[in-house]
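Below is one structure, written out as structure tokens; comments come after it.
Read the figures in this text as sums done on the coordinates, not as results from a lab. Just so you know, these numbers come straight off a predicted model, no measurement behind them. Positions of Cβ are backbone-derived with ideal geometry, glycine not excepted, and every protein chain shown enters the neighbour counts.
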């Protein structure tokens, strides 16, 4: 099965938080947020600005969370989606410390939860965050298709040894 | 092969399995974390007060579990403290009765009774916790709450405790009662109940060795099951208490977000 991931266009994101709300609503995440808008300050005074980066789990090819889990609660599906089994998770937070993107979340129950790539939505539908994004800054799909789309606009894959499954157009 | 020979073969194997499990499922995972963060925190940056607070919160009073409810907290406190104190008394008993010169302590049975009392109280605390866990496991089966249950681990530990009490009961069923034996509590009560049941009292050594093999098997199980949370969960929480580690984490996240290409670092 082809690997799936994200394409995010930083220039299009207005930081409206619709993706965060849609994710929390669809997945009933409660107190934790599986997708978060990160504000990145850029430039040097007086030419400064902020960019918005909508951060889900990047479902890395070499997911450090999976590698660091002492009880094997984290698995990678054949389509590349990284999932956590809450019945196996012991809440040790090793995944939180290993993830370079601060993705794993711990609510009052103490179990790890994170973006599941809307595992309960049919694959042919857009993800909840993608569906509501008013500027189409978020696109999900097969990595090969996303790579072609990103290349057209000068986008590139997010770097790092974990090989995150996300392309970014800056 | 006699049961005793099997016992002496299995014990080192189980202890070895514990250390291999700890290496494979704990230390190698910690290496992934340090590899991902790419930096170590100098000892001078450790916040001792925060560390002590985290230890008190997460290990001593287990406040995070208390937030989930009174029953899960009571169950977990009974099991974790019962197990920990029992383990300490087991080690003490082995050292004082076999390996260390302990004549003054053991003179007049007072020290020996103290050890038996400690073993029995902690064992009974553990037993109550395990029974609550089993009942709760049955009541929550099929619900979302079941994700907090560890039925295989609970049953394993229950077998260890039960065989321990049965072995102790069979032992006291075979020796004449002495003043102060009442302090031995459940072990002595079981002995009194079993006294005179000849077909059962002869099986003491079988139950003792079964208990010893199960207990060391449980140590091996710690390294290869969800029970590894005994070591991993406090570590993860204690990391979180340290400001220097949290700051390093924020830096790692920001660098992670800003990395431009696959393979760069």
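For the reader, a short list of remarks on this structure follows.
- Sorting the segments A:116-128, B:74-86, A:88-100 by their mean number of nearby beta carbons within 10 angstrom, highest to lowest, gives A:88-100, B:74-86, A:116-128.
- Rg/Rg_globular for the protein assembly as shown, with Rg_globular taken as 2.2 N^0.38 Å and Rg from C-alpha atoms: 1.23
- Comparing Cα centroids, region A:115-170 and region B:76-100 end up 54 angstrom apart.
- Helix axis angle, B:110-140 relative to chain B longest principal axis, alpha carbon, degrees: 60
- The mean number of partner chain beta-carbon atoms within 10 angstrom of a residue's beta-carbon across peptide A:149-161 is 3.
- Most mobile listed residue (B:187, B:196, B:44) in chain B, GNM with C-alpha springs under 10 Å: B:44
- The C-alpha atoms of chain B define a longest principal axis, and helix B:3-22 lies at about 20 degrees to it.
- Of all the options A:40, A:138, A:74, the one that moves most in a Gaussian network model of chain A with Cα springs shorter than 10 angstrom is A:40.
- For the options B:128, B:253, B:160, a Gaussian network treatment of chain B with springs between C-alpha atoms closer than 10 Å singles out B:253 as fluctuating the most.
- Two-decimal ratio, region A:4-169, of alpha-carbon radius of gyration to 2.2 N^0.38 Å: 1.03
- Taking all Cα-Cα distances within region B:69-223, those exceeding 29 Å account for 23%.
- A straight line joining the Cα centroids of region B:208-251 and region A:42-92 runs 23 Å.
- Cα-based radius of gyration of chain B once divided by 2.2 N^0.38 Å, which approximates compact folds: 1.25
- The angle between the Cα long axis of helix A:143-152 and the main principal axis of chain A comes to about 20°, on a 0 to 90 degree scale.
- Residues residue B:254 and residue A:135, FRET efficiency given R0 of 30 Å [Cβ-Cβ distance, rounded to 0.05]: 0.80
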